[in-house]
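Let me begin by presenting the structure, written as structure tokens, before commenting on it.
Laboratory data are not the source of any read-out in this text; all were calculated from the coordinates shown. Keep in mind that this is a model prediction, so the values were computed, not measured. Neighbour counts are summed over all protein chains in view; Cβ atoms, including those assigned to glycine, are modelled from backbone coordinates with ideal geometry.
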Amino acid sequence: MCGIAGFLGASGESQALEALARRMADSLEHRGPDDGGSWADGEAGIGFGHRRLAIIDLSAAGHQPMVSANGRYVLSYNGEIYNAADLRPELEAAGISFRGASDTEVLVEAIAHHGLRATLDRVIGMFAFALWDRDLRELTLVRDRLGIKPLYWGQLGKSFVFASEISAFKRHPDFAGEIDREAICSFMRFNYVPAPQSIYRGVYKLRPGHVLRVRQGGAPQIESWWSLAAARAAGVSAPFGGSEDEAVSALEALLGDAVEKRMVADVPLGVFLSGGVDSSAVTALMQARSRRPVRSFSIAFAESGYNEAAHAQAVAAHLGTEHTELCVTPADARAVIPRLPAIYDEPFADASQIPTYLVSRMAREHVTVALSGDGGDEIFGGYNRYVQVPTILSRTARLPRWMARGVAAAIRAVPPNRWSQVLGPLPRVGATPMFGEKLYKIADILGRSPQHAFRALVSQWPDPDSLVLGARENADPIWQEAAGDLSGSAAHMQFVDTLTYLPDDILAKVDRASMAVSLEARVPLLDHRVVEFAWSLPQGLKIRGRQGKWILREVLHRLVPRALLERPKMGFAVPIDGWLRGPLREWAEDLLSVERLQADSVFEPSLIRKRWAEHLSGRRNWQYSLWGVLMFNAWAEKEASDLRGK
């Protein structure tokens, strides 16, 4: 795992360009503290910088940037190729001699031998890399299929620039840092900046499964090399034809291989274990393939409604892992908050970023690589909305719009906390956290089309244009492409989430939190073979009745007793609601004060102050939308401080 940075189109001697590339890469030292390298060609105007976290082949033979044996290609690469050991023998049979044992060398020699596209089709892994072709004088950027590893690009002055994180752009002399107000609108809707936007005008995220090619003085050409839509279509056209038991066995074998491939490392290895289905499945499959107890790590909260630690402990005890737990307090959160803007580089407001960073920091004291269960909800249908939205839409589809609006108005006539109090004695209601707020979410989607219902459901501020001063929300091309014909089915919602929420929120959160402490996080559930297999399965093997991830649960139940796992889904939630009313209130009040909001001239103060007052009173739980404002203001405060320091 590493950090990469570089540029094309600069002028100067090779030595000066190499120094610039090195300065850019050094801003990413947290991603690669073990080694740093740079390479440049002044005549071509190209420079590569690299920071290395050594995982496979810890020797100098894995140093980057790396030049292919034939001298044609220069590679700066971030990630892991998990089937490098399978690819290497055929390259050796073709007469290629290897200098070391790194997967980097396998990747660059495979490209030199097979070509880029053929190599991409063969590799299993997570990666983002830059490739310079000396013969064609062409720079190519590539991002992995699901977007596990980040990659930004942009035009700064006369230079085309790329990097793993935006912080490297700030080391380039032509970086202007103009904030994109349209991106602020998008951020306030989703609590993350959706691809291909970034918070800065002219700086973009390369989309998952895409490749970008550019030559000096030319415009970037971007195209898809792997498509989730194509994987979905292939699965639908050639569905799995076996029995349910055969499907469970096939998934167990595939997941077992995915986990085993991600256990290859020359450094200590562990796993994040929350006690939920996804992380428990990864941990169980990992322990089954280990000759010694696996190191497992989990987070606990003092607030019982958010604490899954006992479940993680029970799973760890059953599997025999060497388990470590950290109880997160409001003081821990408060200590981490000042670091969040630097860790995430641009506004980011998934509140679970706090425990994700803390569990990563704890794990890094013991291991250098940790496996994670991320992706299971999107791939196997685990989110509650996949069950609830189709049910609500089907039951209300024939209602006249005026009647649906009337029902919604009746729901909103009663405060959410009152709904929870009145209906709390009902078993299903009592087991549902924030029931009243979720009932309000139902009111938001009544009478809407499936596309608008789903967008409302995942929005924190449904009308960001009225919130962000002097801005209009971007047309959001990926959302339009993915959800334009949203049917309201669970499968389509999974598809949209996998294209948007998964890479831009979940995977970005894990990447930045883990790499901030130089920890590599691997996600076996997002092995592309698993994703493609899941799309070939009947939906009834993923969502059955009111329960998601049926087939993944069946795999897990072969390894862990059902009694340890059968409970309502909790998710990796954080008690931000109570913290904002209590120990974080003073910090939040400063960032949300009328004076501060008016001085910043970014947000309409009255809308934010109204939500803040309702949240403090307990009438509404606006934790997530307020967290978005707080994280933006904290990020903007750091930006202003950085500018003053220049």
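Numbers below:
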| quantity | calculated |
| --- | --- |
| Summed side-chain charge close to F98 - residues other than F98 whose Cβ falls under 14 Å, Lys, Arg +1, Asp, Glu -1 | -4 |
| Kirkwood-based Rg to Rh ratio, the range 2-226, C-alpha trace | 0.96 |
| Span-rule helices in the chain, defined as complete DSSP H runs reaching 27 Å or more along the axis (Cα) with Kyte mean at least -1.0 | 623-645 |
| Extent along principal axes [Cα atoms of the chain; Å; largest to smallest] | 73, 61, 46 |
| Relative contact order computed over the chain (Cα-Cα under 8 Å; 6+ residues apart), in percent | 15 |
| Between the range 576-610 and the range 434-503, the alpha-carbon center distance in angstrom | 25 |
| ³J(HN,Hα), Karplus 6.51/-1.76/1.60, whole Hz, each residue of the range 333-348, x for Gly, Pro | 4, 4, 6, 7, 3, x, 7, 4, x, 6, 5, 9, 6, 9, x, 8 |
| Protection-proxy order for peptides 339-348, 444-453, each taking the mean of Cβ atoms within 10 Å per residue, highest first | 339-348, 444-453 |
| Theoretical gain in end-to-end length, A230 to Q15 [0.36 nm per residue, Cα-Cα removed] | 72.9 nm |
| Environment charge at P239 (Cβ cut-off 14 Å; Lys +1, Arg +1, Asp -1, Glu -1) | -1 |
| D_trans [Stokes-Einstein, Kirkwood Rh over alpha-carbon pairs] for the range 1-107, 20 °C, 1.002 mPa s, µm² s⁻¹ | 150 |
| Cα-only radius of gyration and Dmax that characterise the range 355-420, units Å | 20.7, 60 |
| Around G42: net Lys/Arg minus Asp/Glu count, Cβ-Cβ under 12 Å | -4 |
| Exposure proxy ranking, count of Cβ atoms within 10 Å, fewest first, for K542, K549 | K542, K549 |
| Likely footprinting exposure, C185, C327, C2, fewest C-beta neighbours within 10 Å first | C327, C185, C2 |
| Alpha-carbon centroids, the range 1-77 and the range 171-203: separation in whole Å | 26 |
| Residues of type lysines that K441 reaches as a straight line, Cα spacing below 22 Å, ignoring anything fewer than 8 places off in the same chain | K569, K610 |
| Burial order of peptide ranges 52-60, 620-628 (average beta-carbon count within 10 Å, highest first) | 620-628, 52-60 |
| Value of [θ]222 nm, deg cm²/dmol, for the chain, DSSP H segments ≥ 4, -39500 (n - 2.57) each, nearest 500 | -13000 deg cm²/dmol |
